[in-house]
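Asker: Before I ask anything, here is the structure I am working with.
Bear in mind these aren't lab numbers, they're just calculated from the coordinates by the rules spelled out. Computed from a prediction, not measured in an experiment: that's the story for all the values here. Using ideal geometry, Cβ is built from the backbone for each residue, glycine included, and neighbour counts are taken over all protein chains shown.
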């Protein structure tokens, strides 16, 4: 008899409120999960290189790496002769792969970027990306070395 009395301790409105509360939490989680999954976006055609890079950076700051990559790839495709912007976009793409721990891919991209600096007119290229690429490559080598030491 004591069991049945527990069922009646909570009025019907409370049981319905709890069902409502759990349903609302579940729906919020579903919406959040769906919003995190991003596919191809439409990159407006009228954006300048600065706007594309800015939007790529904003997406990267929000950990929306697939969106960010699409903006940087648009820079490379639409403005292939703006070498400073192309180098900036290539660096950012490589750095995103580094943040995603895709170290092999990032190494290839950073080394490809550094190859651009092996030209007689190197001083015309933005020096910061060469410096930053070397720093990140050193970090990758350090991570790989420590991983190899720990696996032995």
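Asker: So, R0 is 22 Å and r is the distance between the beta-carbons of residue 132 and residue 83; what FRET efficiency does that work out to, to 0.05? Walk me through the numbers on the way to the answer.
Answerer: Working: r = 17 Å, r/R0 = 0.75.
Once the sixth-power term is evaluated, E becomes 0.85.
Asker: Next up: So for 123, 92, 73, fewest C-beta neighbours within 10 Å to most, what's the order? Mind dumping the intermediate values first?
Answerer: Details: 123 8, 92 20, 73 16.
Going from sparsest to densest Cβ surroundings: 123, 73, 92.
Asker: Hey, another quick one. Which order results if 60, 151 are arranged by neighbouring Cβ count within 10 Å, fewest first?
Answerer: Working: 60 19, 151 6.
Starting with the residue having the fewest Cβ neighbours, the order is 151, 60.
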